[in-house]
Structure formats: C-alpha cells, structure tokens
Amino acid sequence: MINNNLITPFGTDLPKIPLDRYPRPQLRRDIWQNLNGEWDFAIYKQGELFGGYKNKIIVPFSPESALSGVQQTVTPQDMAYYRRTFTFQRVRDVVLLHFGAVDYRCVVYLNGTLVGKHRGGYFPFSFNISDVVQDGENVLEVKVVDPSDTGVQAYGKQKLKRGGIWYTAQSGIWQTVWIEQTISNLVKGIRFTPDIDKATITVELDYNEKKEGFMFYICTEIGELRFSSPGPKLVLDMSKMMRLWSPESPYLYHAKVVTVSGDSFSTYFAMRKISVEKVGKFSRILLNNQPYFQKGLLDQGYWSDGLYTAPSDEAMIYDIRTMKEMGFNMLRKHIKIEPLRWYYHCDRLGMLVWQDVVSGGVITDNGVRREYPCYEKITGRKKIKKIPSDGPEHYALLGRENMAGRRGYQRDLVDTVNLLYNQPCVVMWVTFNESWGQFDSAQAVDTVMSMDKTRLVDATSGWFDQGVGSVNSLHNYRKKPWYPKYGKNDKRPIVLSECGGLTYSPGREHVFDSEKVCGYRGFKDADSCTKALVALQGNIKKAIKKKGLCAYVYTQVSDVEEELNGLLSYDRKVVKVNGKEIKEANDNLIIE
C-alpha cells in the first residue's frame, strides 16, 4: 500500500513564503523579492482549450509532491498552467525575473507579454522584464510541458512508472522564483580559482555589457581588506592570510564586490586543492596536498513531502549535519543538481561533494550491463570478452542513438561545471553513471578538464570504464567488495563509488510502500544493520592499505520510496542505525 502523505518534520507548518532565503549565496544583491507561495494552477491536455485555473499550488514544490497541495502527475501529453499576481515598486533601472529550475520546457508571460522561453530541467535562468513590469500589481503566468522519461533529455532517476531504483517523476517549477533589481552593466557571474601552492585567489567578473574595474573587500578577523582592479580580473596574494578549507575546518572568506558602474553584491570563496599523487605503492587522492580518505554517501536528493524540493533550508542542513555526525565527509550528489543553497550549506558546514551530471537518453536492458567483467567474480557468469567502447558504434547499445539527446547532454555538462565552479565543496565531477546514456566519455573528460583544472573527474562511475578520468571507479554491493589489481596498466586511484545498500524497514508509518522493498541485503532491525555496516567499514579499512582504496560511497543517505537502504527514513523522522558506532568505524578509515 502506497503512503503519499509522508510528511517530514520540516514540511509541517510551512511559512506563507517557503524557502524564502536569497537563492544565490555567491552573488547576493540587496534588492530582491521572493515569489514563492500560493499560485493559481491547472493542468490541461496539450492542444485542449484552456478552461481557467481550477486549483492552487504552493511554489516551488512540483505538482506531484504533497507539499504542493496538488499531488497530480503532469504527463507528457499535458500542459501545466501557473499564475500569480504580485505587487512591485521599482527602485533600480534593470529588473530580472529568475527561476531556480523548471522541469522541463516553459514559456513565461508578464502582464500578457511573452518575456521568454526556456528548455532544461536543472539549471537557473532569468529574463529581463524591465520594460514589462509596472509599479503596482502585475500578473505572472507560466506554461510548462515535461516529457519526463519518455524523452531523451536529462531526467535523472525520474520515471512515470516509478518502482525499485526509479522514483516518482516531478515536473514544473521546483526551485525558487524571484525578482531582482540592479543596473544595466550588471555582473552576470563571478569566478574564483584558488591556488594554494602559489597562495593566490583569482577573481574574474563576467559583465552584462562592458568590462570594467571593481573594488574587492574581504572580511577578516583583523578587519576589512580592500583591493582594486582596473579590469574584470584580479589576482590576490593570500600568503599572509591564507587559511585552508577542509571538512574539518571549512573556512570561508566573505567578501563584497563594487563595480565602477555601481553594481554591488556580497560573495564568498575558499582556499582548497584536490589532486592525485603517488604515495607509497599507490596513487592517492590528496586534499590540500595531504592524502585524504573520503567517506561518502550516495545522496539522491528526494524528500517524502517535497520530492525534488527540500521543504526548507533546515531540512538540507539536517541531512548534511547528521551525516557529518556519523563521521562521513563526502556526499555524492546522485544524478541531480540541487539549488545553490544546498551547496552553500556544504561549503560552510564542511562536506565534500562529488557532483553527477544528470543522466538522460534511453535506459537499455540488453544484457550487456549484466555481463560487466567484474561480475564474473560476483555471480560466476562468464564475462564478456571485451568492454564495449562508448563511441559511435555503440551509441544505440548504450541508449544514446538520438543526436539531440547527445547534444543536450553536452550542453548540460558545460552548464553543470559553469554553475558549480565556485563551490569549494565540489571536488569531483561524475560524467556518467553505470552506462546510463553513456557515450564518448573521453571527450566528456576533455571538456571538463578544459573548463576546470582544479577538480577530479570520475568518467564512468561503475561501468563501462574507458580508461580515462582521474579515478578507477567501481560499484560493488557484495558483503566483501572486490577490487581490481592496481598495476602498470592502470595507475589511477581506486574508489568504491557505490556499495552497501543495507536494507530494513523503520516501521510501517515511515515507509512509502508497505508491500514492496528494494535493496541489496535485508536486515530485521537497526542493530543487525549497524553491525553489517561496521563490518563493511572494517573491510574497507583493509582495502585502504592492501588495495590502495581512496574513497567509498555508501548507499545511501535516506530511504527513497521503495528503497529502504537509507541511514535515515524517507520522512527523516528515524535515524535507522547507531550513529555513534558508524562514526567510530569511519574515524578509523584513514590513509596511513
């Protein structure tokens, strides 16, 4: 039996304007207006005559979620209609309308005038509404269509026919909608590139119009330090005030930018380095030039009441802090991009992030994945003779025959790196997961490395490995995981990028589906599950020394629908393991 009304502690008594904090912490201006809250809403078939708004919806929760107040699926044949009025008073020349994310394709009208269109479900976008917005009352309308998993665009783990490892599809507006007032020659983006070896931070501004100089103010314990640049780029010597960022000491420099034209905003940055070097017998991952074992969790980013959208900042913080309290120092954000505030909390609380590029294409089930070579040791099946290449000859085999889908992925890859380039928490890009829509992975790695030389790349998490990228990335859910032999043919650091998946029910009242369970190894209670996880951590400790293991990613932060393999229940009301014992075991996982 399905329970669609699992509400988290953070989803009760929502404020009138949910998620009301400034959505973009690294480019924060003072004059802005949050448009979250109650909107008019309706769903009609595409091509059907619009018959008026019949419901209310709470933005930014998708209509499929409980917190939206709708709980209705928007099918690929549907169009979702949104409308709200808002009062506005102009104080600056330029007015921007921002959307954190809308899934998937939308058109936007203000006061009856088309102000813009957008395609893509995971990235922020904005429209200049300076000539359309008026003092007093305004009417904002949005129309949305979403092919979900019937398309070839990025959709992650969403499925219209959810079940097992696939989750309820969501659609429409799922991140904050907001208005910002600024000037014509505004700063569209800021880029920080730290170099701890040279003790410098490079600051680059991307202007809307002409490039110009700016003032840069850094807040420190000894007061505000002032720097100036005649152009859009500034390289600062940090040697006399350099403090390194790490999960143990997540130090952030808070700063302010003021341009010649008068644009101003607050921001922050950090000094940290992630790299790979040979240490003893093995290649190791280093943080700030020291070997650093990463203890991670797979983080799906789903909530029982908000689906793709966390109910509040406090909800995001709860997950991050609870995992830190169990001794974890990394989250692999799995096939989803979060609102920027989630990364901000990882930055300030000290949580490393491996960021997946959202998958798309067609998920194939042709037997090839089941015959992946390492499975011979796991299942006894005869392995395939050769790992398939992910080039043009196998586009169809791996679900990427559609050219538009491949081009869409390439755009998403670039957009993902650009969007999250500044987040100190992000230390690894994961370009493909388990061959889902995998293609031309060597080209994807080259694209990422040409854009960002400050991070590592996991080219193919799980399979099919093409021998490229920064790490040799394995998925293995065995009781005692199997590892490849580190040797002359592959000297990349070894990471166990998925493992565990230990499963038990936290109680009927905390479970999405009381009849179906998805997991890897089942247990009857918290004690037995905790003991099994501690035993797994013991095996991982041995692999650090004997196999050169550099990181592990346990599946997963929380239960999600049928999956009951989380350390937290889906509704976040139950911690399903003994956190103290997990922390003690994690604390012993170090590179000596």
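The values are calculated or read from the model by the stated rules, or taken from the named source; none is laboratory data. These figures come from a predicted structure and were not determined experimentally. All Cβ positions, even for glycine, are placed from backbone atoms using ideal geometry, and neighbour counts span all protein chains on display.
If the requirement is being touching a helix residue (DSSP H, G or I) at 6+ places or on another chain (Cβ under 7 Å), within 23 Å of R243 (Cα to Cα) and of a type in the set (A, V, I, L, M, F, W, C), which of these qualifies: F269, F293?
Values: F269 fails: touching a helix residue (DSSP H, G or I) at 6+ places or on another chain (Cβ under 7 Å).
Result: F293 is the single residue among F269, F293 that is touching a helix residue (DSSP H, G or I) at 6+ places or on another chain (Cβ under 7 Å), within 23 Å of R243 (Cα to Cα) and of a type in the set (A, V, I, L, M, F, W, C).
Which residue out of K531, K485 is more than 24 Å from the chain's Cα centre (by Cα), more than 23 Å from S304 (Cα to Cα) and part of a helix (DSSP H, G or I)?
Working: K485 fails: part of a helix (DSSP H, G or I).
After ruling out the rest, the residue left standing is K531.
Touching a Ser or Thr at 6+ places or on another chain (Cβ under 9 Å) and either in the same structural domain as D103 (by TED's automatic domain parsing) or modelled with pLDDT under 95 (or both): which single residue out of R191, R243, R162 fits that description?
Values: R191 fails: either in the same structural domain as D103 (by TED's automatic domain parsing) or modelled with pLDDT under 95 (or both); R243 fails: either in the same structural domain as D103 (by TED's automatic domain parsing) or modelled with pLDDT under 95 (or both).
Selected residue: R162, the only one of R191, R243, R162 that is touching a Ser or Thr at 6+ places or on another chain (Cβ under 9 Å) and either in the same structural domain as D103 (by TED's automatic domain parsing) or modelled with pLDDT under 95 (or both).
Would you tally the residues in segment 294-324 being part of a loop (DSSP other than H, G, I, E, B) and closer than 30 Å to R191 by Cβ?
Count: 6.
In this structure, is V468 surrounded by 15 or more Cβ atoms within 10 Å (Cβ to Cβ), closer than 25 Å to V279 by Cα and touching a helix residue (DSSP H, G or I) at 6+ places or on another chain (Cβ under 9 Å)?
Details: surrounded by 15 or more Cβ atoms within 10 Å (Cβ to Cβ): yes; closer than 25 Å to V279 by Cα: yes; touching a helix residue (DSSP H, G or I) at 6+ places or on another chain (Cβ under 9 Å): yes.
Taking the combined requirement at face value, the residue satisfies it.
Determine if segment 505-528 includes at least one residue that is touching a Lys or Arg at 6+ places or on another chain (Cβ under 7 Å) and farther than 28 Å from S304 by Cα.
So far as segment 505-528 goes, no, none of its residues is touching a Lys or Arg at 6+ places or on another chain (Cβ under 7 Å) and farther than 28 Å from S304 by Cα.
Would you be able to tell me the number of residues in segment 234-254 that are of a type in the set (A, V, I, L, M, F, W, C) and either touching a residue at least 60 places away in the same chain (Cβ under 8 Å) or in a strand (DSSP E or B) (or both)?
Final tally of qualifying residues: 6.
For segment 1-30, which residues satisfy the criterion of being outside any loop (DSSP other than H, G, I, E, B) and out of contact with any Asp or Glu (no Cβ under 7 Å at 6 or more places or on another chain)?
Initially, segment 1-30 is screened for residues outside any loop (DSSP other than H, G, I, E, B), giving 2, 28.
Correct list: R28 only.
Consider segment 415-427. How many of its residues are outside any loop (DSSP other than H, G, I, E, B) and in contact with a helix residue (DSSP H, G or I) (Cβ under 7 Å, 6 or more places away or on another chain)?
Here is the first cut: in segment 415-427, the residues outside any loop (DSSP other than H, G, I, E, B) are 415-420, 426-427.
Add one more test, that the residue is in contact with a helix residue (DSSP H, G or I) (Cβ under 7 Å, 6 or more places away or on another chain), and what stays is 417, 420, 426.
The total comes to 3.
Looking for something among the polar types (S, T, N, Q), modelled with pLDDT of 95 or more and not in a loop (DSSP other than H, G, I, E, B) - is there at least one such residue anywhere in segment 269-281? Steps first, please.
Taking segment 269-281 and keeping what is among the polar types (S, T, N, Q), we get 275.
From the residues that got through so far, the ones that are modelled with pLDDT of 95 or more too are 275.
Subsequent filtering for residues that are not in a loop (DSSP other than H, G, I, E, B) retains 275.
Yes, that holds for at least one residue.
Restricting to segment 178-212, name every residue that is more than 30 Å from R243 (Cβ to Cβ) and among the hydrophobic types (A, V, I, L, M, F, W, C).
W178, I179, I183, L186, listed by residue number.
Within segment 561-582, work out how many residues are out of contact with any helix residue (DSSP H, G or I) (no Cβ under 8 Å at 6 or more places or on another chain) and surrounded by fewer than 23 Cβ atoms within 10 Å (Cβ to Cβ). Let's see the steps before the verdict.
We begin by selecting, within segment 561-582, every residue out of contact with any helix residue (DSSP H, G or I) (no Cβ under 8 Å at 6 or more places or on another chain); these are 561-566, 580.
Restricting the remaining residues to those that are surrounded by fewer than 23 Cβ atoms within 10 Å (Cβ to Cβ) gives 562, 580.
Residues flagged as out of contact with any helix residue (DSSP H, G or I) (no Cβ under 8 Å at 6 or more places or on another chain) and surrounded by fewer than 23 Cβ atoms within 10 Å (Cβ to Cβ) within segment 561-582 amount to 2.
Residue check, N138 against (1) part of a loop (DSSP other than H, G, I, E, B); (2) at pLDDT 95 or above; (3) not β-branched (V, I, T), all met but one. Which one?
The single condition N138 does not satisfy is (1).
Taking the options L6, L27, name whichever one is crowded, with 17+ Cβ neighbours inside 10 Å, in contact (Cβ under 8 Å) with a residue 60 or more places away in the chain, within 29 Å of S264 (Cα to Cα) and within 25 Å of the chain's Cα centre (by Cα). Don't jump to the end; show me each part of the working.
Details: L6 fails: within 29 Å of S264 (Cα to Cα).
The match here is L27.
Go through M316, M323 for me and flag whichever is of a type outside the set (G, A, S), in contact (Cβ under 8 Å) with a residue 12 or more places away in the chain and in contact with a strand residue (DSSP E or B) (Cβ under 7 Å, 6 or more places away or on another chain).
Numbers: M316 fails: in contact with a strand residue (DSSP E or B) (Cβ under 7 Å, 6 or more places away or on another chain).
Within the list M316, M323, the selection yields M323.
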